[in-house]
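First the structure, in the form of structure tokens, and then the observations on it.
The values are calculated or read from the model by the stated rules, or taken from the named source; none is laboratory data. All of these numbers come straight from a predicted model, not from anything done at the bench. Neighbour counts are summed over all protein chains in view; Cβ atoms, including those assigned to glycine, are modelled from backbone coordinates with ideal geometry.
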Amino acid sequence: MINITLPDGSVKAHENGSTPMDVAKDISEGLARNVISAKFNDTIVETSTPLHEDGAITLYTWNSPEGKMAFWHSSAHILAQALEALYPNIKLWVGPAIENGFYYDVDLGDESISDKDFKAIEDKMLEIARGKYDFKMREVSKAEALNYYKGKNEYKVDLIEKLEDGTITFCDHDSFTDLCRGGHIPNTGIVKAFKILSVAGAYYKGDENNKMLTRVYGISFPKQKELTEYLALLEEAKKRDHRKLGRELELFTFSTKVGQGLPLWLPKGAALRERLEQFLKKAQKKAGYEMVMTPHIGQKELYVTSGHYEKYGADSFQPIKTPKEDEEFLLKPMNCPHHCEIYNARPFSYKELPKRYAEFGTVYRYEQSGELHGLTRVRGFTQDDAHIFCTPDQVDQEFKNVIDLSLYVLESLGFDNFTAQVSVRDLDTPEKYIGTVENWEKAENAIINAAKEKGLDYIIESGEAAFYGPKLDFMIKDALGRNWQLGTIQVDYTLPERFDLTYKGSDNELHRPIMIHRAPFGSMERFIALLLEHTGGNFPLWLTPEQAIILSVSEKHEKYAQKVSDYLENNEIRALVDNRNETVGKKIREAEMNKIPFMLIMGENEEANETVSVRKHGGEDLGSISLKEFRDLVNTEINSTLKSF
């Protein structure tokens, strides 16, 4: 017998060789019908995997993230089988599950896939699924694996050559076999609905010097109804696409002459950015931050010292050589090395700490062209960066203060659905990180303790830390139910060592400060993209480019329209005047399309009574009110969402 520990801590004895499905059946038949994946002793296993030792088990259904990963991973196998059936000369590379669905990278040779081929692929996948074929894992030797693919698929051969003998497994279902590590649902029949979403180019191994493969994206569900609901959500997402809204609202643009991934901010977008900056600067000033400015470039040696060049140099813009021999500069990939040098500009006493330096600093990363996406993945972006240099006994309070600031930012912009993620190092890959184990443990414990004390709903994710320290990331769920990583706070013992930062302690000796990195927005570009999609372009009233538009019924009311405009401007309400020789109906339709919160309509009655007829975006008619009443209405709405820090 073996002892199986369930998630509630209870222990049940099962026969040696029992499977996770046997454990589920022992709990209840209802659970067994819904279990599609399992974890045993921290390893994802099949529901049919025999268990031969004592251990802890977790059973996953479709409703858990892990269950969805197994479901979509298995669906990728079904996609691969369907593609092999429809395109006999195809060569498969890799096909993982992703956040929403799955993809498979394939070499189609001389053939291609377009959207007109999607239905045939979906039909073939459904045909395979209805066969209810079991997913079966089997171990193979390295020689067997190489022999299976030799002469047929150089991509799989390359993968296998990097694996150790004794660690290689194949997955079989029906007549299809694929190289796979495991983590499948019991059989293909559990999948009831498929949709091919798109195809795209993807360089082999992500290297643009390699061959371009075809990436086929898909998604699947255990019920057709869920697919229908998901597709409706996709349609809504298309309407909210920040690239579409940014163009329609005239916020930003891109130019091939300027360069891929380098956004150009139009007047309305620049004004919106400026308001976001001023909003945070005001809160930062109250929190004791000092603004600094640093250049867009730095000597290569600066980033060698920080460790950024070693970790990211190959993926950055290449060094800029000057006429001076052996002198090289880099476009700034990070602000933190510059802030370390600002701290180093003079000696500090413990009585002067913490020092909080903040900057809206633009940085540059050479993202692959295929990975660029509107404002969410760019090559030049501005971080709302700040670095706090403090003593060890100040870390806890400073970290909690930054949490308060981050929560204030999220609340003010309507992001109330979020999870805090404590991102720690992966203990199995210590080579990915710099710094001592002792300092890493201190930093990780400091973050976890602060999250607990602030009462945050947090999870711990291994392997998601920055190379120099752990961090607390705010994972936002937007109006469409999608998860995004926004603000981040990081504790860093390493850069102060590398830059030899010191302060004089109460014992008159030099000590090493601890550094806290933080960026509540993350990057201005990504934050605005997310805000656009979350709100559908209907920004909070305090932030929106135009708060009102003044619509005169005819030309004879232009003077009164200008009088209203002057009044609003004097009361710091942003308004436009639309005096065009167009019907009021057309002006209203255009104002609705431009998502202007208030339309102020005026004719003879309004001019005679010095009032405005107010219509809200969306169609609500507020009737005729005085200018003072409208001013108070705007201020009340702003004050209800934008509280003081």
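Some observations on this one:
- Applying the set (1) among the hydrophobic types (A, V, I, L, M, F, W, C); (2) crowded, with 22+ Cβ neighbours inside 10 Å; (3) farther than 22 Å from L622 by Cα to I550 leaves exactly one unmet item: (3).
- Residues considered: P392, P337. Of these, the only one that is touching a residue at least 60 places away in the same chain (Cβ under 8 Å) and surrounded by fewer than 20 Cβ atoms within 10 Å (Cβ to Cβ) is P392.
- Filter result for the condition that a residue is among the aliphatic types (A, V, I, L, M), in a strand (DSSP E or B) and either in the same structural domain as N100 (by TED's automatic domain parsing) or closer than 25 Å to T169 by Cα (or both), over A56, A70: A56
- Residue count for region 435-481, restricted to those that are surrounded by 15 or more Cβ atoms within 10 Å (Cβ to Cβ) and either in a helix (DSSP H, G or I) or without any contact (Cβ under 8 Å) to a residue 24 or more places away in the chain (or both): 10
- Residue match in region 47-60 (condition: closer than 30 Å to I121 by Cα and touching a Pro at 6+ places or on another chain (Cβ under 7 Å)): yes
- Check on V409, in contact with a Leu (Cβ under 8 Å, 6 or more places away or on another chain) and touching a residue at least 24 places away in the same chain (Cβ under 8 Å): yes
- Within region 356-399, the residues that satisfy the criterion of being within 16 Å of L495 (Cβ to Cβ) and aliphatic (A, V, I, L, M) are V363, A386, I388, V395.
- From the list W62, W72, the one residue that fits, being closer than 29 Å to G481 by Cβ, of a type in the set (F, W, Y) and out of contact with any helix residue (DSSP H, G or I) (no Cβ under 8 Å at 6 or more places or on another chain), is W72.
- Residue in region 597-645 that is farthest from N571 (Cα to Cα), counting only those that are touching a His at 6+ places or on another chain (Cβ under 9 Å) and of a type outside the set (F, W, Y): E604
- Residue among L233, L272, L245, L266 that alone is of a type outside the set (G, A, S), in contact (Cβ under 8 Å) with a residue 12 or more places away in the chain and more than 29 Å from A575 (Cα to Cα): L233
- Residues being on the phi < 0 side of the Ramachandran plot, part of a loop (DSSP other than H, G, I, E, B) and not acidic (D, E) - total across region 137-195: 17
- Taken together, the residues in region 495-513 that are β-branched (V, I, T) and touching a helix residue (DSSP H, G or I) at 6+ places or on another chain (Cβ under 7 Å) amount to 0.
- When I98, I128, I160 are checked against the criterion of being touching a residue at least 12 places away in the same chain (Cβ under 8 Å) and surrounded by fewer than 18 Cβ atoms within 10 Å (Cβ to Cβ), I98 stands alone in meeting it.
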